[in-house]
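> Attaching a single structure in structure tokens format; questions to follow.
The values are calculated or read from the model by the stated rules, or taken from the named source; none is laboratory data. Values in this document were obtained by computation on a predicted structure and should not be read as measured data. Backbone-built Cβ (ideal geometry, glycine too); neighbour counts: all protein chains shown. Note: areas computed on protein heavy atoms with side chains; ligands, DNA, RNA excluded. Shrake-Rupley method; radii C 1.70, N 1.55, O 1.52, S 1.80 Å.
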Amino acid sequence: MTKPLMQRLDDVAKLTGIPDLARRPPRRRPLRGLALFALVLGTVGMAVTLLGGRVLLIGDGILLAGFVLSGWLPLMGPIKPWMSFTERVDELDAQIRAKAYLTALPIILFAAVCGLVGLPILAWMQPRPSAEMVALGGFAAMYLLILWNAVPTLHASWRSQPIEEQDD
């Protein structure tokens, strides 16, 4: 007899390995290269989207790649999450998190102010279709989320000392 649909979906999910990852606490490690790569992709993608025209979709693809990549940083990076039932957050972890986010917030604020001032100026100087300007606002919000994920991870990764890999 065949398996029910839910059982087959569970089997497919088990093949991915994600349920096993969710059961145990993640291995926290510095992710300098990944965070830097996500920032570079996001910045290049945002710059290309600002050019407009036919390259708007190319810039959107690059920006989306940086966004997806930056989404993995909080899951495996050196900063432990705000509320965790599986990981114990001590004073050192809270201090690392505080310093990382206090470094990131002025950068995010600067980028947000540049977007809030720059997008209307861009719309005034280069008349574009309104749908494109709305899309640029969405791309700017996506870029801010890349900064929110990548800058604290990059800061905490750079300040952490490399530790020897332990085989368990």
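> By per-residue mean of other Cβ atoms within 10 Å, what is the highest-first order of 145-156, 88-99, 44-55?
Details: 145-156: 24.2, 88-99: 12.5, 44-55: 16.0.
Going from most to least packed, we get 145-156, 44-55, 88-99.
> Given a cut-off of under 8 Å on Cα pairs at least six residues apart, what relative contact order in percent is computed for the chain?
Details: 174 pairs, mean separation 54.6, N = 168.
Once normalised by length, the contact order is 32 percent.
> Something else now. Name the lysines eligible as straight-distance cross-link partners of residue 99: C-alpha to C-alpha under 21 Å, and not fewer than 8 places from it in the same chain.
80
> Further question: Taking only Cα atoms of the chain, what ratio of Rg to Rh do you get with Rh as the Kirkwood inverse-distance radius? Write down the numbers at each step before the final one.
Values: Rg = 19.9 Å, Rh = 18.3 Å.
Taking Rh as the inverse mean 1/r over Cα pairs, Rg/Rh reads 1.09.
> Let me ask something else. Please list 3J(HN,Hα) in residue order for segment 108-125, calculated via the Karplus relation 6.51 cos²θ - 1.76 cosθ + 1.60 where θ = phi - 60°; whole Hz, with x for glycine and proline.
5, 4, 4, 5, 5, 5, 4, x, 5, 8, x, 5, x, 5, 4, 5, 6, 7
> Keeping every protein chain present and rolling a 1.4 Å probe, give me the accessible area per residue for segment 87-167 in Å². Numbers along the way, then the final one.
Values: 5320 Å² over 81 residues.
Using a 1.4 Å probe on heavy atoms only, each residue of segment 87-167 averages 66 Å².
> Let me ask another. HN-Hα J couplings of segment 10-20 from phi, Karplus 6.51/-1.76/1.60, θ = phi - 60°, integer Hz, Gly and Pro as x?
Once rounded to whole Hz, the list reads 5, 5, 5, 5, 5, 5, 6, x, 5, x, 5.
> Follow-up question, since we're still on this one. Of the accessible area of the chain, with the probe set at 1.4 angstrom, what percent is carbon plus sulfur? Don't skip to the end; give the middle numbers.
On the way: 8050 of 11520 Å².
With neighbouring chains kept in place, the figure for the chain is 70 percent.
> Next up: Please report, in debye to the nearest 20, how large the charge dipole of the chain is about its Cα centre when each Lys and Arg carries +1 at its beta carbon and each Asp and Glu carries -1 there. All intermediate terms of the calculation are to be shown ahead of the outcome.
Working: 16 positive and 13 negative charges, 36 e Å.
Dipole magnitude for the chain comes out near 180 debye.
> Can I ask one more? What's the center-to-center distance, using Cα atoms, between segment 84-148 and segment 1-35 in Å?
29
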